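Only one structure is covered here, and it is reproduced in the block below.
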There are 2 protein chains.
Amino acid sequence: MQDAPLKHRKEQARPFKKGDTIFLKGDLGNSMFVLLKGQVEIRLDDRVVDVVHEGGIFGEMGLVENAPRAATAVAVTNGAVLSIDEDQFIELVQEQPFFAIKVVRQVADRVRRANATHAVHVQ
Amino acid sequence: MQDAPLKHRKEQARPFKKGDTIFLKGDLGNSMFVLLKGQVEIRLDDRVVDVVHEGGIFGEMGLVENAPRAATAVAVTNGAVLSIDEDQFIELVQEQPFFAIKVVRQVADRVRRANATHAVHVQ
């Protein structure tokens, strides 16, 4: 049910090829991405900090005003993303409030994993 | 403007005192919190991983189904929180979609800081 608004927007899907850089750390971007198909790695200084699978969300820093990309996103397979800027996010959330929960859950889980990784290294 | 729905809900504010534990790592909780007043530290195994100031959001893992608290939240001053469960989050977002962006921004920024801290330690 919560994916219905995304299906209406499939025409805005942007295909990518294996090896493509979707965004680079330091880029100024104003969109987050929903991974419609394929697999994407989030890299920080050549370290893979996250792997995004189909249905996953990434690039959420794009919704933070004037914030550069905090990491680099590289396609590890062919696939497609849906790009969502602030206005589109607001529109999506109005149509389907559960989408907001989905985004918060995925980003919250990323905080948990980032802190857990960190804890291993400082112990 | 984006804080209007919270003002309507001030009657649900929960006061806390300096030194109170708002939640413990491992607890099962189904709410996130908006810090209405005061200051809260997020601790992971006695390490302070974040400091939350007035207007800040924490405990977002509470919106992830069946996920235990990933860290401990301790009040470092007297203050008050607003507790928001999934239903209340959906209601808030319907009234005020910008609230969803605010939450995503704060949680996204926490990912950035967690990964940046990690990078310092592994370099």
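Quick notes on this one:
- Residue that is least open to solvent (accessible area, probe 1.4 Å), among those in region B:63-86 that are in a loop (DSSP other than H, G, I, E, B) and of a type outside the set (A, V, I, L, M): B:R69
- Scanning region B:88-99 for residues that are open to solvent by 10 Å² or more (accessible area, probe 1.4 Å) and within 25 Å of B:T21 (Cβ to Cβ) yields one hit, B:Q88.
- Tally, over region A:35-51, of residues that are within 13 Å of chain B (Cβ to nearest Cβ) and within 21 Å of A:P15 (Cα to Cα): 3
- Tabulated pairs, region A:93-108, first facing another protein chain (nearest Cβ under 8 Å), second among the charged types (D, E, K, R), C-beta under 6 angstrom, 6+ apart or interchain: A:V104/B:E60; A:V107/A:E60; A:A108/B:E60
- Filtered residues of region A:1-24 (kept if at pLDDT 95 or above and open to solvent by 30 Å² or more (accessible area, probe 1.4 Å)): A:P15, A:K17, A:K18, A:G19, A:D20, A:T21, A:I22, A:L24
Residue by residue, here is whether (1) modelled with pLDDT of 90 or more; (2) in a helix (DSSP H, G or I); (3) open to solvent by 30 Å² or more (accessible area, probe 1.4 Å) holds:
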site: B:V48; (1), (2), (3): yes, no, yes
site: B:I101; (1), (2), (3): yes, yes, no
site: B:V107; (1), (2), (3): no, yes, no
site: B:A119; (1), (2), (3): no, yes, no
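- Annotation: A:T21 fulfils all but one of (1) within 20 Å of B:A70 (Cβ to Cβ); (2) more than 10 Å from chain B (Cβ to nearest Cβ); the unmet one is (1).
- Odd one out for B:E60, checked against (1) open to solvent by 80 Å² or more (accessible area, probe 1.4 Å); (2) of a type outside the set (A, V, I, L, M); (3) closer than 19 Å to A:V111 by Cα: (1)
The values are calculated or read from the model by the stated rules, or taken from the named source; none is laboratory data. Being a predicted model, the structure only gives us computed values, none of them experimental. As a convention, Cβ positions derive from the backbone with ideal geometry for all residues, glycine included, and neighbour counts pool all protein chains shown. With ligands, DNA and RNA removed, areas are computed over all heavy atoms of the protein, side chains included. Shrake-Rupley method; radii C 1.70, N 1.55, O 1.52, S 1.80 Å.
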